[in-house]
Every structure is written in structure tokens, then in C-alpha cells.
Amino acid sequence: MDRPNVLFLFSDQHNARCLSCAGHPQVGTPYLDRLAAEGTRFTNAYANNPICTPSRISYLSGLYPSTHGYYGLYGRQPDAPLTSIFKHFREQGYRTGALGKLHTPRYWIEPDCQFIYDEFIEFPKYLEGAGLYDRNDNRAFTGNRDGEASCLPYEHSCEAALAKQAIRFIRNEGEPLDRGRDDAPWLAWVSFSRPHQPYTPSLPFAEMYAPDALDLPPVGVGRKGGEVDRSRSGAMPEAKLRKLLAAYYGLVSQVDHAIGEIVAELAQGGEWENTIVVYCSDHGDYAGERGRMEKEGGISFRAITRVPLIVRLPARLRLRSGAGRLNDEMVEAVDLFPTLCELAGLPAPNTVQGISFAGQLLNAGKPARHRESALTENIYRKAVATKSWRYVANLYGEQKDELYRLDDDPWELNNRIDDPQCARQAQEMLRLLLDRVARARKPVHAINGGWHGHAYDRDGRIDLALGIEPNAYW
């Protein structure tokens with residue numbers, strides 16, 4: 001049987017609430033809704049880091065930030081071998097492509113991708129060739145237009161340009177050195193640079209959502225009479241918030257539209273039913289929560305750490321999985337690499353720390369529990385989430401740790417860390433967080449500098465039953 005293709009659709013800074021298939025009353029995402037209707041949408045998927053580069057490395061390597069060591073943006077090429085999903089799938093006979101906003105350490109993934117379209121480099125060149133170089137919103141040539149309509153029409157937007165490049169890769173139409181065998185399966189990472197700010201959607205998406213008609217998320221604990229004290233909550237003025245949020249929703253729909261163009265190509269080319277399609281994001285955005293946008297002011301809130309995740313399987317696998325399913329199991333970014341390996345019938349490399357959730361997709365009944373918790377690491381904060389609780393350890397400064405009961409406080413407006421009734425739960429969650437952080441750092445063999453064999457059980461602990469002798473460096 002032919003091995004399936006993998007279309008890994010990715011976006012930057014998409015709040016997991018902002019999908020119509022997730023029940024959002026105003027945001028329209030018809031093409032992502034179709035993927036969800038034919039696949040599985042995960043409601044408790046978390047990024048392992050709340051900013052771009054380290055989160056992307058965790059997705060593409062299956063390693064926690066504690067192990068891969070990247071906590072900031074960009075970074076130099078890894079000093080030690082760091083196996084990427086592109087390297088592994090290429091070694092298994094796939095042709096591979098990385099397209100769009102890569103935002104990874106320079107020259108880490110490029111050698112293992114036959115087709116590279118780095119939007120930061122290539123999109124300005126495209127605009128220059130089209131005579132539109134000085135209308136690029138992202139280069140600030142047009143001034144601060146955050147919340148305004150883009151100076152570029154949709155057909156020249158970064159989303160439209162990326163969709164065209166993705167279609168070129170799918171058709172195997174690149175330059176001679178960019179092409180693989182026509183009969184080879186392929187893996188494409190198609191990484192949209194938005195809805196990240198600046199929030200400048202093109203028409204008609206810029207006019208799709210009227211600011212005054214938006215339903216705003218709650219800001220914080222209200223004063224008497226229900227009025228919210230925006231000055232004390234850190235919220236921005238409401239008029240500005242509405243303007244930016246309308247533009248943010250416009251970008252979500254613009255990305256969704258470009259995804260529809262790529263999906264249409266798969267259907268027209270006859271590859272739709274032999275392709276695994278995944279959609280997720282590197283992290284979230286406040287998207288109006290707490291009266292804020294972007295991710296400043298506390299990047300470990302669930303608005304930032306929880307991500308959308310939709311997986312749509314080919315027809316032959318969908319017969320086992322069903323369609324239109326919701327899954328509330330805890331899933332982490334590091335789990336996607338081994339999951340795609342299992343779905344494609346490939347062994348996962350022994351470097352991967354994540355756990356495949358293919359069983360959640362292929363078992364139409366009630367599969368076994370996947371994880372008890374999800375870990376998000378930042379250099380200054382560590383957070384752990386279960387289905388009912390989230391704990392955030394603030395490691396520097398005078399800010400208190402945070403404890404939220406998600407069952408009755410899904411917006412995380414009431415920090416229960418000092419609540420005597422939650423003292424035991426706070427202790428248990430802190431112990432869980434320490435346990436997860438300790439296990440996130442994968443031991444390295446001191447003799448040859450390489451990884452041990454795949455000697456880790458499902459929770460990341462070394463498995464001595466495999467007959468590997470411990471040593472002083474463990």
C-alpha cells in the first residue's frame with residue numbers, strides 16, 4: 001500500500017478558541033472546519049514553549065526545550081546532532097519541503113529539505129518583482145498600520161504567495177535541484193506567518209468583522225456593579241482592542257482561505273485521500289482575553305500555551321477512526337513527530353521524547369489515556385496543565401506562582417495560589433511540575449556524546465528493564 005503524504009499546516013499565534021468549529025460565535029474558518037468535520041480536533045493540545053523558535057524546534061524534533069536548549073528566537077546551528085522530522089522522513093524515502101515562516105536556527109532543517117521557501121527572504125523579493133516592495137506591511141515601510149487594512153491585495157499577500165509555493169511543491173514543480181521522484185511520498189511543512197501581528201489583513205478580510213459588533217472575552221475581576229477596572233487589569237482601551245481584534249479575526253480567516261486553496265489542489269490532483277493533514281500553531285494570542293492582544297504581559301496563560309490541533313486522516317485510515325470527533329486528551333507539541341511516524345508506518349527515531357497519539361486517532365472507541373499533564377517551558381516560567389488545573393511557576397521577580405481551576409475558571413481570571421481551600425491542590429500541582437521538569441531533560445551519554453537507545457517509558461523516565469546499565473552521569 002502506498003505510504004501517505006503529510007501536509008503539516010502551521011500558523012503563528014493562533015488562539016485555540018478562534019475557530020468556528022471550536023464554537024467561536026463570530027470567527028469564520030470554513031476550510032479548517034472541514035478538516036475538523038472529517039478528522040479529529042484536540043481540545044487540550046499545548047505548546048512546549050510559548051514563543052516561536054523554541055516551540056517550532058519542539059514540534060520538529062520531538063524534544064523538550066530543556067533538552068534541545070533553545071529558549072530565544074532564531075539561534076545558531078545546533079552544535080550537536082538534532083534530528084528533525086525532515087531528516088527522518090527523507091531518510092525513509094520521502095521528498096521534503098519547508099515553506100513559509102521557518103523561524104528556526106539557521107541551517108538546521110535546510111539541508112534535509114529538497115524544497116525551501118523561506119518567506120522572510122523570498123517574499124520581499126517576490127514583492128520587489130511585482131513592483132510592490134514598499135507596500136509590505138511587515139517591513140514597516142507603510143508606518144504603523146496595526147489594525148488597518150493591508151496595503152497589499154490578497155492576491156499578493158504572504159498567505160497567497162505561500163499557498164502558490166505549497167502547490168508548486170505538491171506538484172513537484174520546483175527547480176531541478178528542488179525536485180524529488182514523482183512517485184515518492186512527500187512531507188510538506190507549510191508555515192503561515194500570521195495571525196501574528198502586525199494585524200493587517202487584506203480586503204475583503206479586513207472588513208469581515210465590525211469592531212463594534214464583536215463579543216469581547218472577559219477582562220478580569222469586576223468591581224461592584226460588574227464594571228471592569230481596565231486600568232488595574234492591564235487591559236488596553238476598549239476601542240483599540242476592538243480594532244485590533246477585528247483585524248486579528250480577519251487574519252485568521254485569511255489564513256483559512258489560503259489553506260482552502262492548498263486543499264483544493266490536493267483534491268484536484270487526486271492526492272486528498274492519500275494525505276495526512278495536520279493543522280496547529282506554535283503558540284496562541286490573547287485575542288482579547290484579559291483585554292490584551294499579542295502575548296505580552298504573562299506568556300504562560302492558557303491563551304498562549306494552548307494551541308489548535310486538527311488531524312484529518314486519509315480515507316483508509318479514517319475508516320478506523322471515524323470523523324468529526326472531539327478529543328480532550330492532553331497532547332503536547334513533542335508528540336506530533338512520533339505520531340506522524342506511526343501514521344505513515346515509519347519507526348520513530350530514538351531521539352524523540354514525545355509520545356505518539358496515533359492510538360487516539362485510529363481507535364474509534366475509547367482509547368487509553370494519553371497523558372495526565374502537559375508541560376510548557378520558558379526560561380523564566382514553567383507551567384503544567386491537567387484537564388482541570390494549571391500551575392505556573394514564576395521563577396524570577398516578585399510575581400506569585402499561579403494556580404487556576406479550569407473547570408469553573410476557563411479564562412484564568414482567579415489565581416487560587418493563596419486560597420487555603422486549594423493549598424493541597426497547589427502542593428500536588430507543584431510536585432507534578434517539578435516531576436515533569438526533571439524528566440524533560442534527556443540524559444546524554446558522556447562517553448560518545450550521543451543519545452542512548454530509545455530507553456524511555458511513556459512518562460520520560462529511564463527504563464532500566466531494557467538492560468541498559470545506569471552510570472554516574474544519570
Number of the exception - residue 162 against (1) in contact with a helix residue (DSSP H, G or I) (Cβ under 6 Å, 6 or more places away or on another chain); (2) surrounded by 22 or more Cβ atoms within 10 Å (Cβ to Cβ); (3) among the aliphatic types (A, V, I, L, M); (4) in contact (Cβ under 8 Å) with a residue 60 or more places away in the chain: (1)
Any hit, segment 220-238, residues being outside any loop (DSSP other than H, G, I, E, B), modelled with pLDDT of 95 or more, in the same structural domain as residue 111 (by TED's automatic domain parsing) and surrounded by fewer than 16 Cβ atoms within 10 Å (Cβ to Cβ): no
Which numbered condition residue 355 misses (of (1) surrounded by fewer than 16 Cβ atoms within 10 Å (Cβ to Cβ); (2) touching an Asp or Glu at 6+ places or on another chain (Cβ under 8 Å); (3) β-branched (Val, Ile, Thr)): (1)
Subset tally (residues that are modelled with pLDDT under 95, exposed (fewer than 13 other Cβ atoms within 10 Å of the Cβ) and within 23 Å of residue 218 (Cβ to Cβ)) for segment 367-406: 2
From 431, 416, 424, residue being crowded, with 16+ Cβ neighbours inside 10 Å and modelled with pLDDT of 50 or more: 416
The lone exception for residue 311 - which of (1) within 16 Å of residue 279 (Cβ to Cβ); (2) among the β-branched types (Val, Ile, Thr); (3) outside any strand (DSSP E or B); (4) in contact with a Gly (Cβ under 6 Å, 6 or more places away or on another chain) it fails: (3)
Search result, residues across segment 37-52 that are in contact with a His (Cβ under 7 Å, 6 or more places away or on another chain), among the hydrophobic types (A, V, I, L, M, F, W, C) and either part of a loop (DSSP other than H, G, I, E, B) or modelled with pLDDT of 95 or more (or both): 47, 51
Some residue of segment 272-286 being touching a residue at least 60 places away in the same chain (Cβ under 8 Å) and more than 24 Å from residue 166 (Cβ to Cβ): yes
Selection from segment 66-104 of residues that are of a type in the set (Gly, Ala, Ser) and within 17 Å of the chain's Cα centre (by Cα): 72, 84, 98, 100
Residue within segment 53-63 that is touching a residue at least 12 places away in the same chain (Cβ under 8 Å), part of a loop (DSSP other than H, G, I, E, B), under 15 Å from the mean Cα position of the chain (by Cα) and under 20 Å from residue 361 (Cβ atoms) present: yes
Test for residue 34: is it buried (at least 23 other Cβ atoms within 10 Å of the Cβ) and either out of contact with any helix residue (DSSP H, G or I) (no Cβ under 9 Å at 6 or more places or on another chain) or in a helix (DSSP H, G or I) (or both): no
Any hit, segment 294-315, residues being farther than 30 Å from residue 200 by Cα, surrounded by fewer than 24 Cβ atoms within 10 Å (Cβ to Cβ) and more than 16 Å from the chain's Cα centre (by Cα): yes
Evaluation of residue 174 against (1) of a type outside the set (Phe, Trp, Tyr); (2) buried (at least 19 other Cβ atoms within 10 Å of the Cβ); (3) not in a strand (DSSP E or B) (one fails), failing number: (2)
Members of segment 46-71 found to be in contact with a Pro (Cβ under 7 Å, 6 or more places away or on another chain) and either among the small types (Gly, Ala, Ser) or surrounded by fewer than 20 Cβ atoms within 10 Å (Cβ to Cβ) (or both), listed by number: 58, 62, 71
So residue 117, is it surrounded by 16 or more Cβ atoms within 10 Å (Cβ to Cβ), assigned by TED's automatic domain parsing to the domain that holds residue 252 and either modelled with pLDDT of 95 or more or farther than 24 Å from residue 211 by Cα (or both): yes
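The values are calculated or read from the model by the stated rules, or taken from the named source; none is laboratory data. Computed from a predicted model, the values in this text were never measured in an experiment. Positions of Cβ are backbone-derived with ideal geometry, glycine not excepted, and every protein chain shown enters the neighbour counts.
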